[in-house]
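FYI, it's all coordinate maths here, none of it is from the lab. In this text, all values refer to a predicted model and were calculated from it rather than measured experimentally. Neighbour counts are summed over all protein chains in view; Cβ atoms, including those assigned to glycine, are modelled from backbone coordinates with ideal geometry.
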Amino acid sequence: MLFQPPLPSRYAEMTQEQMADEITRRRRAIGRRLVILGHHYERDEVLRFADFTGDSLKLSQIAAEQTDAEFVVFCGVHFMAESADILTDDSVRVILPDISAGCSMADMADLDQLEEAWRFLADATTQTIAPITYVNSAATIKAFCGRHGGACCTSGNAQPILEWALKHGDKVIFLPDQHLGRNTAYAMGINLSQMVLYDPELPDGGLSTEQARSARIILWKGYCSVHSLFTVEQCDHIRRVDPDCRIVVHPECPWEVVQKADLAGSTEFIIKAIAESPAGSRWAVGTETHLVNRLAGRHLDKQVRSLAGVQCLCTTMYRIDLGHLLWVLDELSAGRMTNRVIVPPDVRDDALVALERMLKNVPSQPQAAKPPSPDNSPRSTQRPQS
Ligand code: 13P
Ligand code: SF4
């Protein structure tokens, strides 16, 4: 994790209103040279300053379209700012208001580990392997995938990307999120017995040569600390106390939880599903707390609550506050650029290949990662109405 030095003391002395007023003034002065992007897990007071909000997929697409802006301030986490830097021209400078805003899942895969895994797999099998990385990963991991015929994916397009990868390779190594990989492959009809878990902390990932050879999907043993808080017991509890309440979860949740849910999909998918449901609907939502609270406030004619009894907070997204946003804008106004995120050119070129392969394969609508239930029960096959 990169270290963010404390802000100058003047920011601690300002009220939220004063900071919001100053941000408004600074934005006006900088004008169209500045674009602010905000992920759905950001705090409301920060998100209201975003020119565009979205899930990782939408924000990547929007970043790629920024040709006129000089500065993109990314209210999100480090891997998102890296992707924006990779996808934009050199003339666009990407800034992360708090440089310590990382992602614990992205930190679960580093390049040395992936190269070791690749050597093991190359020794174990002559089959072709496509490396697919969730965008929640370091730029060096994306670059590896670009170099080796693979691609990136997000929670909004994992299925078409995995389908594409299996057309181009005999098998896939999917990293760093085992849950997104498992949920997506299962939704495509791939049996759990065709998937193995590669643990980068163990010699040979803890796999025998035979396991590596026979698996169709090799899942990296990474996970999101926020979405791992959702459990089967919570789903069972909701079913018991409120059988008509619908459960929608993010596909970073464990497979067992996704199986219990009615729907699973990216943050954009969750927002759409709830927005399009009829008044009076009740929802239990398995994703980050800021998004759940925002949806509850936005849909007062529906009941929206967290699937968990505890607040599932992404503490790194939470690092971006009004003080840090104002600080980077103050610095820009003074002609200085702080917290610029730059991906080195050699990494950038290969990472761009992986991101562009993803962007060429994306569907136009957010995708659900939940398969139709084998018994075709109406609850499990419901989809948001269009
Ligand atoms: P989305 O792409 O669905 O917004 O997810 C990003 C993320 O980090 C979820 O943990
Ligand atoms: Fe990373 Fe999980 Fe936070 Fe998303 S919610 S940024 S995967 S730690």
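Some observations on this one:
- Here the stretch 145-197 yields Rg over Rh of 0.91, to two decimals, using C-alpha coordinates and the Kirkwood radius.
- Percentage, to the nearest whole number, of Cα pairs in the chain over 35 Å apart: 26 percent
- Residue exposure proxy: CYS153, CYS312, ordered by other Cβ atoms within 10 angstrom of their Cβ from fewest to most, comes out as CYS312, CYS153.
- Amide hydrogen neighbours beyond the local backbone of CYS312, cut-off 5 Å, H modeled: THR289
- Charged neighbours of LEU207, selected by a Cβ distance under 15 Å, balance to -1 (K, R count +1; D, E count -1).
- On the beta carbon distance between LEU7 and SER193, with R0 = 45 Å, the FRET formula returns roughly 0.30.
- Per-q log10 I(q)/I(0), the stretch 284-359, q = 0.15 Å⁻¹ (Debye; single scatterer per alpha-carbon; no solvent): -0.87
- Counted over the stretch 27-127 with a bin width of 5 Å, the fraction of Cα pairs per bin, in whole percents, is 2, 12, 20, 20, 15, 9, 8, 6, 5, 2, 1, 0.
- For the residues PHE120, PHE71, PHE230, a GNM of the chain with alpha-carbon springs under 10 Å puts the largest fluctuation on PHE120.
- Just so you know, the averaged projected area of the alpha carbon convex hull for the stretch 132-267 sits at 8.8 nm².
- Listed residue (THR24, VAL353, VAL94) projecting farthest to the positive dipole end of the chain, Cβ model: THR24
- Cα pair count fraction exceeding 13 Å, expressed as % - the stretch 168-237: 67 percent
- Percentage relative contact order, the chain, counting C-alpha pairs under 8 Å, at least six apart: 22 percent
- For the stretch 7-17, 3J(HN,Hα) per residue [Karplus equation, 6.51 cos²θ - 1.76 cosθ + 1.60, θ = phi - 60°, Hz, x = Gly/Pro]: 6, x, 4, 4, 6, 5, 8, 8, 7, 4, 5
- Descending by average beta-carbon neighbour count within 10 Å, the peptides 190-196, 142-148, 269-275 line up as 142-148, 269-275, 190-196, the highest first.
- Fewest-first ranking of SER277, SER100, SER155, SER91, using other Cβ atoms within 10 Å as the exposure measure: SER91, SER100, SER277, SER155
- By average C-beta atoms within 10 angstrom, highest first, the peptides 213-220, 16-23: 213-220, 16-23
- Theoretical ellipticity at 222 nm over the chain - DSSP helices of four or more residues, -39500 (n - 2.57) apiece, nearest 500: -12000 deg cm²/dmol
- Mean Cβ count within 10 Å, highest first, over the residues of peptides 251-262, 1-12: 251-262, 1-12
- Whether the stretch 91-157 is rounded, prolate or oblate, judged on the alpha carbon gyration tensor where a/c under 1.5 counts as rounded: prolate
- Dipole magnitude (debye, nearest 20) for the chain, charges at Cβ of Lys, Arg, Asp, Glu: 1000 debye
- Mean separation of Cα contacts under 8 Å, 6 or more apart, over the residue count of the stretch 139-243: relative contact order %: 25 percent
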